[in-house]
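Below you'll find the structure, written out as structure tokens, and then a few comments.
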Amino acid sequence: MSKKIISRAKKTIAIELSGVREQLKHINSGFVKSVETINSCRGRVVVIGVGKSGLIGRKIVATFSSIGVPSIFVHPTELIHGDLGMILPEDTVIILSYSGESEEIKKILPMLKELKMKIIAITGRKKSFLAKFADFVIDVSVDKEACPFNLVPTASTTAMLVIGDALAMSVGELRGFKKEDYARLHPGGTLGKKLNLKVNQIMHSDRDNPVINQNATVGQALIVMTEKKLGATSVVDGRGRLTGYFTDGDLRRKLQSDSNILKRKLNTIMTKSPKTITGDALASEAAETMKKYNCDNLPVIDNKRRVIGMIDERDLIAIGIK
């Protein structure tokens with residue numbers, strides 16, 4: 001039984017992969033004109049579809065919205081029953097229908113044409129009713145569906161999804177969409193935190209920031225590290241500028257060879273060029289630095305190398321960044 005399941009699953013994926021590869025040859029002048037039309041659209045992108053195509057249409061709307069292109073999904077049946085007023089002449093319409101012959105689509109096409117808006121058809125039939133009404137046609141035909149009977153929309157809907165993503169990413173590139181724009185549009189969740197949260201918003205500062213003068217002893221540093229519970233301390237000069245770093249790991253390693261370690265001055269054994277980060281850096285950047293250099297925390301400094309805080313790996317884990 002398990003072999004049969006694995007075989008069917010792999011066959012399904014292989015057929016859909018083949019369907020996706022077929023779309024490479026469909027990136028032609030019709031696709032280019034569709035991208036240019038969406039890019040120059042002064043209104044919204046209105047996506048229309050029925051059934052499985054409608055579900056793909058909703059995903060395409062979500063993708064366009066995530067890159068700042070105003071988009072809405074409208075079901076054709078709702079358009080017939082009063083929602084046509086939602087669509088304006090300055091909008092651009094994308095209609096998804098693999099057959100291009102859906103009755104619901106046929107009923108709305110004349111009404112959309114009267115509004116004189118641009119219509120982009122995503123269909124598997126280049127000579128369909130939909131294709132004839134459209135200004136631009138994007139072919140998403142596939143050799144066969146993953147369904148054993150070649151009936152259930154599978155490879156064809158995957159092809160529609162891929163073309164929708166290609167449209168959105170192409171428009172985003174033309175508009176110069178940047179990581180900062182994505183951050184502005186996604187303030188919540190893990191993605192929002194990675195793109196927006198700054199080090200100075202989660203670092204340990206003021207009384208919670210372990211700092212000690214470079215002339216203090218290791219024993220005194222141990223007291224500070226124990227009190228602040230971060231397992232490390234920044235070492236500074238008389239002006240508060242970072243001169244070194246000392247961790248409980250350093251202490252354990254030194255104890256193996258020096259029984260008088262607690263009496264030693266920090267400036268003789270500290271790490272003199274520690275990795276640092278600034279307060280205005282992204283918390284995700286701190287996470288990347290910690291991972292790259294295999295450290296648990298980082299001293300946070302200002303532009304004059306004065307210590308203003310410490311960021312700890314556990315804080316990053318707690319907010320879901322690391």
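Please find, within region 209-254, the residue that is surrounded by the fewest Cβ atoms within 10 Å (Cβ to Cβ) out of those that are part of a strand (DSSP E or B) and hydrophobic (A, V, I, L, M, F, W, C). Filtering first and then ranking leaves Val211.
Scoring Arg184 on the criteria (1) modelled with pLDDT under 95; (2) under 22 Å from Asp302 (Cβ atoms) leaves a single failure, condition (2). In the set (1) in a loop (DSSP other than H, G, I, E, B); (2) buried (at least 16 other Cβ atoms within 10 Å of the Cβ); (3) touching a Leu at 6+ places or on another chain (Cβ under 6 Å), Pro89 fails one condition alone, (2). Here region 62-74 is the region considered, the condition is being farther than 15 Å from Cys41 by Cα and surrounded by 16 or more Cβ atoms within 10 Å (Cβ to Cβ), and the residue that is farthest from the chain's Cα centre (by Cα) is Val74. Take Leu79 and tell me if it is assigned to a helix (DSSP H, G or I), in the same structural domain as Lys106 (by TED's automatic domain parsing) and surrounded by fewer than 16 Cβ atoms within 10 Å (Cβ to Cβ). In short, no. Among the residues of region 7-14, are any part of a loop (DSSP other than H, G, I, E, B) and either at pLDDT below 95 or over 25 Å from Lys144 (Cα atoms) (or both)? There is no residue in region 7-14 that is part of a loop (DSSP other than H, G, I, E, B) and either at pLDDT below 95 or over 25 Å from Lys144 (Cα atoms) (or both). In the set (1) buried (at least 19 other Cβ atoms within 10 Å of the Cβ); (2) in contact with a Leu (Cβ under 9 Å, 6 or more places away or on another chain), Gly309 fails one condition alone, (2).
Of the numbered criteria (1) crowded, with 20+ Cβ neighbours inside 10 Å; (2) modelled with pLDDT under 95, the one Leu84 fails is (1).
Is it the case that some residue within region 92-105 is assigned to a helix (DSSP H, G or I) and surrounded by 14 or more Cβ atoms within 10 Å (Cβ to Cβ)? Looking for residues that are assigned to a helix (DSSP H, G or I) and surrounded by 14 or more Cβ atoms within 10 Å (Cβ to Cβ), one finds at least one in region 92-105, hence yes.
Return yes or no: is Ile122 among the β-branched types (Val, Ile, Thr), surrounded by 14 or more Cβ atoms within 10 Å (Cβ to Cβ), within 30 Å of Ile13 (Cα to Cα) and out of contact with any Leu (no Cβ under 6 Å at 6 or more places or on another chain)? Steps first, please.
Details: among the β-branched types (Val, Ile, Thr): yes; surrounded by 14 or more Cβ atoms within 10 Å (Cβ to Cβ): yes; within 30 Å of Ile13 (Cα to Cα): yes; out of contact with any Leu (no Cβ under 6 Å at 6 or more places or on another chain): no.
Here the answer is no, as Ile122 does not meet what is asked.
Restrict the check to region 113-123 and report whether at least one residue is farther than 30 Å from Arg175 by Cα and assigned to a loop (DSSP other than H, G, I, E, B). No, region 113-123 contains no residue that is farther than 30 Å from Arg175 by Cα and assigned to a loop (DSSP other than H, G, I, E, B).
Take residues that are closer than 26 Å to Arg239 by Cβ and assigned by TED's automatic domain parsing to the domain that holds Gly244 and tell me which of the helices (runs of 4 or more DSSP H) falling wholly in region 262-322 contain 2 or more. Before the answer, list the steps.
Numbers: elements: 266-269, 283-293, 313-318.
Correct list: 266-269, 283-293.
The values are calculated or read from the model by the stated rules, or taken from the named source; none is laboratory data. Being a predicted model, the structure only gives us computed values, none of them experimental. Here Cβ is always computed from backbone atoms with ideal geometry, including for glycine, and neighbour counts include all displayed protein chains.
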